[in-house]
Amino acid sequence: MPADLIIFDMDGVLTDSERLAVRLVTQVLTDLGYRISELEVEQRFMGVATPVQLNILREECGQDFVDAYIGRLKPTWRAVMEAELAAVPGVEAVLSQLAERGRQRCVASNGSLEHIHSSLALTGLEPHFSLEHRFSGTDRPRPKPAPDLHLHCLAHFAVPAERALVLEDSVTGLSGAVAAGVEAWGFVGAHPRPDEQAAKLRAAGAARIVWDWAELSSELARPGV
C-alpha cells in the first residue's frame, strides 16, 4: 500500500459490528410493527449516517415512531456492543505493521465520535488511532456518500488525494472516497455475502477488493511496500 495516508472506515472494516447492528435494528423495528427483513435493513440502512436513517423513518412513520425506536435501540445497542463486539480478525496485525513502519492512518466513519471511541475501546484497537485521528461524518456538512469526510481527513494530514488510500466495506462509504478522488479499496471480510458485496463495490468504483486482513498483512511484510 504505497500511500502517505490510509483512511479506515469503522464498522465492517475495523470492527465486526455490521452483523450485530443488522440483527438488532431488524428486531427493534419489527417489535415496533415495522415489518422488515435483515436483508432489507442491510440494504437500506447499513453504512448510512444515523441522522439519515432517522430521517427515513421519520418520513415514513412520524416522529413518535422515531422516538420509540431510539428509546428501545440505544440502551440495547450498548449492551450488545459490550457483550459481543470484536475486531475484524487480522486487522490488529495490519495496524501494528503500519505503526511499526510509521504509516499515517485515521478512522473516518459515518457513526458518531462517541460510537468511534467506544468501538475502538471495546475491541482493543484504541491504541492504534489517536484521538485527533478519529473523524465522524456527523461533524461534517454532509456525511458519506458525499466526499466531505474524506476531504476533511486529507486536509487534516495535508496529504493530496492521489497519495491516500481508503478502505471501505459499503457502497455509501466507497462512493464518498471515489468522489473525493481517493483510491478506494473495498473490504468484504466481515460481510455475510462477500461475493455479492464485492460486485457492488466494484461497480461503485473500488480499485481493489480485499477479502481478508491476512491478504494485506502479507503484502505489508514485503520489502519496499
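Just to be sure, is residue 44 modelled with pLDDT under 95, farther than 22 Å from residue 134 by Cβ and assigned to a helix (DSSP H, G or I)? Spell out the reasoning first.
Values: modelled with pLDDT under 95: yes; farther than 22 Å from residue 134 by Cβ: yes; assigned to a helix (DSSP H, G or I): yes.
When the stated conditions are applied, residue 44 passes them.
Table: residues versus (1) in contact with a helix residue (DSSP H, G or I) (Cβ under 6 Å, 6 or more places away or on another chain); (2) among the charged types (D, E, K, R).
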| position | (1), (2) |
| --- | --- |
| 20 | yes, no |
| 29 | no, no |
| 42 | yes, yes |
| 47 | yes, no |
| 52 | no, no |
| 61 | no, no |
Could you grab me the full set of residues in segment 9-41 that are aliphatic (A, V, I, L, M), in contact (Cβ under 8 Å) with a residue 12 or more places away in the chain, more than 23 Å from residue 137 (Cα to Cα) and not in a helix (DSSP H, G or I)?
32
Picking from 137, 186, which residue would you name as being free of Cβ contacts under 8 Å to residues at least 40 places away in the same chain and either in contact with a helix residue (DSSP H, G or I) (Cβ under 9 Å, 6 or more places away or on another chain) or more than 25 Å from residue 84 (Cβ to Cβ) (or both)?
186
Out of (1) closer than 20 Å to residue 189 by Cα; (2) in contact with a Ser or Thr (Cβ under 8 Å, 6 or more places away or on another chain); (3) crowded, with 16+ Cβ neighbours inside 10 Å, the odd one out for residue 107 is which?
(2)
Considering (1) closer than 30 Å to residue 216 by Cα; (2) surrounded by fewer than 20 Cβ atoms within 10 Å (Cβ to Cβ); (3) within 17 Å of the chain's Cα centre (by Cα); (4) not acidic (Asp, Glu), say which one residue 3 fails and leave the rest.
(3)
Sort out which residues of segment 110-136 are surrounded by fewer than 17 Cβ atoms within 10 Å (Cβ to Cβ) and either in the same structural domain as residue 45 (by TED's automatic domain parsing) or among the small types (Gly, Ala, Ser) (or both), and write them in order of number.
112, 121, 124, 130
For a quick check of your reading: which helices (runs of 4 or more DSSP H) sit entirely within segment 57-134 and have at least 3 residues that are within 16 Å of residue 25 (Cα to Cα) and at pLDDT below 95?
63-84
Cβ-Cβ distance below 7 Å, separation of 6 or more or different chains: which pairs start in segment 195-219 with a residue that is of a type in the set (Val, Ile, Thr) and end on one that is assigned to a helix (DSSP H, G or I)?
209/198; 209/201; 209/202; 210/216
State whether one or more residues within segment 146-169 are hydrophobic (A, V, I, L, M, F, W, C), buried (at least 21 other Cβ atoms within 10 Å of the Cβ), closer than 15 Å to residue 12 by Cα and touching a strand residue (DSSP E or B) at 6+ places or on another chain (Cβ under 8 Å).
yes
Among the residues of segment 120-133, is there at least one that is closer than 20 Å to residue 12 by Cα and of a type in the set (Asp, Glu)?
yes
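The values are calculated or read from the model by the stated rules, or taken from the named source; none is laboratory data. On a predicted model such as this, the values are computed, not experimentally measured, just so you know. So basically every Cβ, Gly included, is an ideal-geometry build from the backbone, and we count neighbours across all protein chains shown.
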